[in-house]
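The values are calculated or read from the model by the stated rules, or taken from the named source; none is laboratory data. The structure presented is a predicted model; accordingly, all values stated were derived computationally and were not measured. Here the Cβ positions follow ideal geometry from the backbone for every residue, glycine too, while neighbour counts run over all protein chains shown.
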Amino acid sequence: MLNFLAKSLNDLGNSAQNRGMRASARLLYRSAAIARPSWSSPWYNLGLQAKYECEWQPSLRFNERAAALAPDDQAGWWNLGIAATALNDWRLARKAWNGCGIQLDGEPDDEIVMPPVTACVRLNPNSSGEVVWGTRIDPARIQVRNVPLPNSNHRYYDILLNDGAAEGTRESGGQEYPVFNELELWKPSGYSTFQSALSMDDENAEHDLIQACNESDIGLEDWTTVRIICAACSVGSLDQNHCSAGAVDEGDRNYGFGVMSREVLVQVLSSWANASPGRGFSDPHLVLLAG
């Protein structure tokens with residue numbers, strides 16, 4: 001009887017959660033856990049709900065309970081790893097990733113850092129949904145390697161907490177890379193975002209600009225080429241026929257730069273422009289201050 005009651009309450013909780021009735025769902029999940037304390041599902045659902053609300057202490061507590069009750073279920077361990085990472089609890093995060101079959105080097109209380117792996121992250125997935133390239137530094141964190149558009153409120157080198165399941169892919173060099181949804185900003189970057197309109201005189205101009213920025217540790221992004229794509233393509237594999245890129249104007253190009261210092265950016269752009277009479281740039285203006 002208790003098993004049937006617990007399942008009914010848990011199912012009702014799922015229905016309420018799907019309808020956006022979070023408070024009702026939470027109450028139903030708690031009731032299911034009381035009816036059958038040894039069943040992991042309601043604890044997992046409580047932890048999942050807390051994860052998406054970025055309530056990390058409750059998420060950690062609920063997922064730790066779920067993982068203890070169902071140690072062979074990697075989903076509970078994974079969400080526990082995310083919550084522990086959000087709270088800088090590296091010992092518990094290591095335990096969680098081990099529960100997922102991921103073995104990590106380092107001392108138990110050391111911050112987890114994996115060999116860098118290329119991936120993409122969807123910023124603000126419930127609003128703008130801009131997808132940028134980044135580097136996964138552990139299973140739950142990605143460092144941004146593009147210069148995001150300023151309305152995203154994200155910066156070059158921000159470190160973001162990411163969800164566990166990939167939502168779509170992006171292709172580069174004939175290889176597909178997963179796209180993970182951002183959960184929240186884990187550590188803000190010290191880089192500010194500046195914008196400038198650049199005049200390109202020849203095919204070497206952009207190559208020279210990229211090289212100069214790389215040498216000065218400046219992030220750059222040609223915002224002129226940013227593509228707005230449909231939701232279906234965003235969460236899947238990009239359909240080139242469905243969401244094709246428009247023609248790019250060969251005149252002035254709108255660039256975003258991630259920099260620690262405006263003065264350094266002006267020096268780099270000045271040297272770049274002085275190398276050819278057909279190059280030029282507008283006065284860089286701040287569009288997003290360092291975090």
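Which of the residues that make up the stretch 186-200 are buried (at least 17 other Cβ atoms within 10 Å of the Cβ) and modelled with pLDDT of 95 or more? Across the stretch 186-200, the qualifying residues are Trp186, Ser189, Tyr191, Ser192, Thr193, Phe194, Gln195, Ser196, Leu198.
For the stretch 244-291, how many residues meet the condition of being assigned to a strand (DSSP E or B) and either outside the structural domain of Ile218 (by TED's automatic domain parsing) or modelled with pLDDT of 95 or more (or both)?
We begin by selecting, within the stretch 244-291, every residue assigned to a strand (DSSP E or B); these are 252-259, 280-281, 285-288.
Right, trim to either outside the structural domain of Ile218 (by TED's automatic domain parsing) or modelled with pLDDT of 95 or more (or both) and you get 254-259, 280-281, 285-288.
The total comes to 12.
Scanning the stretch 49-73 for residues that are buried (at least 19 other Cβ atoms within 10 Å of the Cβ) and either touching a Gly at 6+ places or on another chain (Cβ under 9 Å) or of a type outside the set (Gly, Ala, Ser) (or both) turns up Gln49, Lys51, Trp56, Ser59, Leu60, Phe62, Asn63, Glu64, Arg65, Ala66, Ala67. If you go through the stretch 155-193 and keep only what is in contact (Cβ under 8 Å) with a residue 40 or more places away in the chain, more than 17 Å from Pro116 (Cβ to Cβ) and not in a strand (DSSP E or B), you end up with Arg155, Pro188, Gly190, Tyr191. In this structure, Ser24 does not qualify as in contact (Cβ under 8 Å) with a residue 12 or more places away in the chain, hydroxyl-bearing (Ser, Thr, Tyr) and more than 26 Å from Val113 (Cβ to Cβ). Out of all the residues in the stretch 145-156, is one or more at pLDDT 95 or above, under 29 Å from Ser41 (Cα atoms) and touching a Ser or Thr at 6+ places or on another chain (Cβ under 6 Å)? No, the stretch 145-156 contains no residue that is at pLDDT 95 or above, under 29 Å from Ser41 (Cα atoms) and touching a Ser or Thr at 6+ places or on another chain (Cβ under 6 Å). Within the set Gly76, Gly13, Gly81, the sole residue that is buried (at least 16 other Cβ atoms within 10 Å of the Cβ) and in contact (Cβ under 8 Å) with a residue 40 or more places away in the chain turns out to be Gly81. The sole residue among Glu221, Glu215, Glu203, Glu182 that is of a type outside the set (Ser, Thr, Tyr), surrounded by fewer than 19 Cβ atoms within 10 Å (Cβ to Cβ) and modelled with pLDDT of 95 or more is Glu215. Picking from residues in the stretch 168-214 that are farther than 15 Å from Arg145 by Cβ and of a type in the set (D, E, K, R), the one that is nearest to the chain's Cα centre (by Cα) is Glu184.
Scanning the stretch 121-149 for residues that are farther than 15 Å from Asn181 by Cβ, of a type outside the set (A, V, I, L, M, F, W, C) and assigned to a strand (DSSP E or B) yields a count of 3. For the stretch 139-174, a residue qualifies if it is of a type in the set (Asp, Glu) and either in the same structural domain as Trp77 (by TED's automatic domain parsing) or surrounded by fewer than 20 Cβ atoms within 10 Å (Cβ to Cβ) (or both), and the qualifying residues are Asp163, Glu167, Glu171.
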